[in-house]
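Here's the structure we're looking at; comments come further down.
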Amino acid sequence: MTTETNYDTVFGRMVVERGLCTDEELLRSLKELETQRKIRPVILKDLMVELDLITAGQAERLKTSLKESKAAVKKIPGYKILGKLGAGAMAVVYKAKQLSLNRMVAIKVLPKRFSENPEYVERFYREGQAAGSLNHPNIVQAIDVGEAGGYHYFVMEYVEGKTISDDLVAGKIFPEAEALDIITQVASALAHAHACTLIHRDVKPKNIIISTNGTVKLADMGLARATTDIEAAQSEAGKAYGTPYYIAPEQIRGRIDIDGRADIYGLGATLYHMLTGRVPFMAEDSADVMRKHLREKLVPPDHINTSLSAGVSEVVEIMMAKRKEDRYHDVEELLTDLEALRDGRPPVHAHKRFDVSMLERLQEGDVVEVKEKAYEEETIANYRMAILVLSTVAAVFLLIIVLLLLFNK
């Protein structure tokens, strides 16, 4: 998690997380803010209203939400708040000191207006419980979850660093080796979660943190669900949970049989973004983006970034196959190929899947070729028969003429 406590930064992130503007629009707003501050005093909230990115009403509601959260953290006993880390669609996160152990932690607080909605409260606690059931060096660890003064909070490990999204917004295209190192660590985290029957369902750049010591952490278990929780799956049937740019096709369809391969798809979309500097599918709105995930053919990443190896492009394409049956069976298979790429070897599992796919296409081609050949042979046979008939008729006609000539003599 980033350590910035600047009000404008927190406000800007909250605007993006609530879907009111894009990362690119926020970046342009921050640059414009720097320019405007040279000639007048202005804050990001007011400037975004001036730029028609948000309405005055939305700005005030966001401001109120930030104030509410600030009041909430003062009511959580045993912690000293040091500043804001960020804000999301449903919560504000603070950096704090746990007084009993004298260590830094992060505290996520559910705003008051969401506390009155049982569904939001249940999801909030489910995130804490899901994170608490996991113990892995590449997963942000849960510490505590509870309620104080009418506010629900979730205490977790504090990670000094930045997210993948921070780098992407700044325009970074990750070198292949660096991207593979990061994705391998996230895949290791997912393997642990899947072994504990949990699927993340929201793997994306904003949920991947790179600590200052290089350790990668997977965060935000807000959409995590146990594959064994049939009741929860049925209650969510037909609903699309996830982030449009990185969501798997089966999540878009609201399937109840979602498994770890949905996380592999999200991780593949994230890797695609890191390697190319752009998301796999672009459109004017979320609905069109999701339609493209369902129907549009993926442009191979090495067609965009020609410096990429063919192997990494194959791996991404397998990770992002439309049908989950065509993806890696599990994260262990993916990890095998990622390690192979990092060692300069070909990705065996990806090659196998590409070979099978190619074989299927060749078999289809063989069928077409046989049909075309049969048609050609039939045409030639018919032509030969016609020639034979014409030759026979001509011979008979010639014989008749000869007989007539002899008879006349």
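So, of the residues in the stretch 12-29 that are without any contact (Cβ under 8 Å) to a residue 24 or more places away in the chain and closer than 24 Å to P111 by Cβ, which turns out to be surrounded by the fewest Cβ atoms within 10 Å (Cβ to Cβ)? The residue in question is T22.
If you go through the stretch 23-39 and keep only what is among the hydrophobic types (A, V, I, L, M, F, W, C) and in contact with a Leu (Cβ under 9 Å, 6 or more places away or on another chain), you end up with L26, L30, L33. Across the stretch 296-316, the number of residues qualifying as touching a residue at least 24 places away in the same chain (Cβ under 8 Å) and assigned to a helix (DSSP H, G or I) comes to 7.
Quick check on my filter: what residues within the stretch 136-178 are farther than 23 Å from K112 by Cα, part of a strand (DSSP E or B) and over 19 Å from the mean Cα position of the chain (by Cα)? Passing the criteria: E157, G161. Count of the stretch 30-50 residues, restricted to those that are part of a helix (DSSP H, G or I), hydrophobic (A, V, I, L, M, F, W, C) and free of Cβ contacts under 8 Å to residues at least 24 places away in the same chain, is 3.
I'd like to check something: does the stretch 320-333 contain any residue that is crowded, with 22+ Cβ neighbours inside 10 Å, more than 24 Å from R345 (Cα to Cα) and either out of contact with any His (no Cβ under 8 Å at 6 or more places or on another chain) or of a type in the set (V, I, T) (or both)? Let's see the steps before the verdict.
So in the stretch 320-333, the residues crowded, with 22+ Cβ neighbours inside 10 Å come out as 320, 327-328, 331.
Add one more test, that the residue is more than 24 Å from R345 (Cα to Cα), and what stays is none.
Checked the stretch 320-333: no residue is crowded, with 22+ Cβ neighbours inside 10 Å, more than 24 Å from R345 (Cα to Cα) and either out of contact with any His (no Cβ under 8 Å at 6 or more places or on another chain) or of a type in the set (V, I, T) (or both).
Looking across the stretch 293-303, just one residue is buried (at least 16 other Cβ atoms within 10 Å of the Cβ) and either farther than 19 Å from I264 by Cβ or of a type in the set (S, T, Y) (or both), and that is D302.
Of everything in the stretch 213-242, what is modelled with pLDDT under 90 and touching a Leu at 6+ places or on another chain (Cβ under 9 Å)? Give them in sequence order.
M221, A224, R225, A226, T227, Y241, G242
Here the stretch 244-275 is the region considered, the condition is being among the β-branched types (V, I, T) and in a loop (DSSP other than H, G, I, E, B), and the residue that is surrounded by the most Cβ atoms within 10 Å (Cβ to Cβ) is I247.
The values are calculated or read from the model by the stated rules, or taken from the named source; none is laboratory data. These figures come from a predicted structure and were not determined experimentally. Because the Cβ atoms are built from the backbone with ideal geometry, glycine has one as well, and the counts that use them run over all protein chains shown.
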